[in-house]
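Notes to accompany the following structure.
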Amino acid sequence: MVHAIPSADIEAMLSDLAVSARRTPEAYLAAARATLVRILSRPELLDPSRLVGRGEGLSRNLLFGTEAISVWAMVWAPGAMTPVHDHHCSCCFGLLRGSLRETWYRPISDTHAMATQDAVREPGFVACMLPTGPKLHRIANDGPEAAVSIHVYGYDHRAQETSIHRTYAVAAG
Ligand SMILES: [Fe+2]
């Protein structure tokens, strides 16, 4: 994990977002979506050294963190893939560069899940969700280029290691 020093503009945007985390979940998610759209429209505000991966797999670079939210630049090497997982907190992400495949799953037990739908996310895509209900997904970079996404999670990175609540094995279909 690498700690980044974001530009003053990004810092101000994310500080405002952290304050809005005290509002209703719906108001907070709307603010998180708007903030991600603004960041994706002005990628020059991000320190480019924080948008570079380290080796294979998924590299996580912390951009901002408070007790309410943590914001990460995730760099996905070709072939990088999360486990099938759900979240214990709100989860918003936007794609800055490259493409990522997001697959949704239906849990069939506490340990296994089956794929239900699948979409390729392109730069500019933003998704926001609350942890209510079973919301299982997997994100993978199955393209030839590295991909970069910005994630805003409703957890304190100093208190918890990850936004993941539980991981699942893929059931044979
Ligand atoms: Fe996720």
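No lab work stands behind these numbers, since they all come straight from the coordinates. In this text the structure is predicted, and so the values were computed from the model without any measurement. A quick note on method: Cβ atoms are made from the backbone with ideal geometry, for glycine too, and the neighbour counts reach across all protein chains shown.
Scanning for something surrounded by fewer than 17 Cβ atoms within 10 Å (Cβ to Cβ) and touching a Cys at 6+ places or on another chain (Cβ under 9 Å), does segment 20-37 turn up at least one residue? Scanning segment 20-37 turns up at least one residue that is surrounded by fewer than 17 Cβ atoms within 10 Å (Cβ to Cβ) and touching a Cys at 6+ places or on another chain (Cβ under 9 Å). The number of residues in segment 79-95 being surrounded by 21 or more Cβ atoms within 10 Å (Cβ to Cβ), within 25 Å of Ala30 (Cα to Cα) and hydrophobic (A, V, I, L, M, F, W, C) comes to 4. Taken over segment 74-95, the criterion of being within 11 Å of the ligand (Cβ to nearest atom) and not in a loop (DSSP other than H, G, I, E, B) is satisfied by Met74, Val84, His85, Asp86, His87, Cys91, Cys92, Phe93. Restricting segment 39-60 to residues that are polar (S, T, N, Q) and exposed (fewer than 13 other Cβ atoms within 10 Å of the Cβ) leaves a set whose member that is farthest from the chain's Cα centre (by Cα) is Ser49. The number of residues in segment 121-140 being away from the ligand (no atom under 12 Å from the Cβ), surrounded by fewer than 18 Cβ atoms within 10 Å (Cβ to Cβ) and within 15 Å of the chain's Cα centre (by Cα) comes to 4. Determine if segment 46-60 includes at least one residue that is of a type in the set (A, V, I, L, M), within 16 Å of the ligand (Cβ to nearest atom) and in contact with a Pro (Cβ under 9 Å, 6 or more places away or on another chain). No, there is no match, as no residue in segment 46-60 is of a type in the set (A, V, I, L, M), within 16 Å of the ligand (Cβ to nearest atom) and in contact with a Pro (Cβ under 9 Å, 6 or more places away or on another chain). In segment 96-120, the qualifying residues are those that are surrounded by 20 or more Cβ atoms within 10 Å (Cβ to Cβ) and of a type in the set (A, V, I, L, M, F, W, C), and the one that is nearest to the ligand (Cβ to nearest atom) is Leu100.
Among residues belonging to segment 141-159 that are buried (at least 16 other Cβ atoms within 10 Å of the Cβ) and hydrophobic (A, V, I, L, M, F, W, C), point out the one that is nearest to the ligand (Cβ to nearest atom). Within segment 141-159, the match that is nearest to the ligand (Cβ to nearest atom) is Val152. When each of Leu58, Leu36, Leu29 is tested for being under 30 Å from Ala172 (Cβ atoms) and either in contact (Cβ under 8 Å) with a residue 40 or more places away in the chain or not β-branched (Val, Ile, Thr) (or both), the lone residue that passes is Leu58.
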